[in-house]
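*Asks:* I have a structure here, written as structure tokens, and I will follow up with some questions on it.
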């Protein structure tokens with residue numbers, strides 16, 4: 001099923017992709033201290049799945065496919081610039097030889113749930129990630 005948002009939407013939509021490899025999640029470090037899931041804002045006329053795939057390609061150089069929506073979270077902001085985060089999953093079969101970071105990010109890595117506990121991650125992304133991991137088939141509970 002395709003999902004799209006009209007241009008005059010009341011909220012911004014951001015599609016994030018939980019890219020897993022051996023029960024670890026790919027995170028990208030933004031300039032500063034924040035870690036981030038690959039993904040970004042929906043463009044006009046674009047389907048949600050297209051946004052997810054495009055943003056991963058732009059931010060990492062990886063070509064991925066995404067499955068069903070795993071989680072959806074609303075981030076309310078004081079400036080009324082609210083955002084809906086849509087979380088998808090993509091599973092890698094092998095570690096990529098190279099990740100080509102965009103100008104937005106300075107570092108990358110694959111991390112277990114245990115590793116991520118003390119990392120600076122947006123609260124909404126942390127909640128969406130936690131909800132989504134529970135739904136990912138084959139996610140190993142040991143050490144995570």
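*Asks:* How would you rank 59-66, 21-28, highest first, on the average number of other Cβ atoms within 10 Å across their residues?
*Replies:* 21-28, 59-66
*Asks:* To continue, here is another question. Taking 20 °C and 1.002 mPa s as the conditions, I'd like the Stokes-Einstein D for the chain in µm²/s, using the Kirkwood hydrodynamic radius from alpha carbon pairs.
*Replies:* The calculation lands on 139 µm²/s.
*Asks:* If packing is taken as the average number of other Cβ atoms within 10 Å across a peptide's residues, how do 109-121, 41-53 rank, most packed first?
*Replies:* Descending packing order for the listed peptides: 41-53, 109-121.
*Asks:* Nearest 10 degrees, 0 to 90: what angle lies between the long axis of helix 123-135 and the longest principal axis of the chain (Cα atoms)?
*Replies:* With rounding to tens, the tilt is 60 degrees.
Each value in this text was obtained by applying a stated rule to the coordinates, not by laboratory testing. Note that this is a predicted model, so its numbers are computed, not measured. Here Cβ is always computed from backbone atoms with ideal geometry, including for glycine, and neighbour counts include all displayed protein chains.
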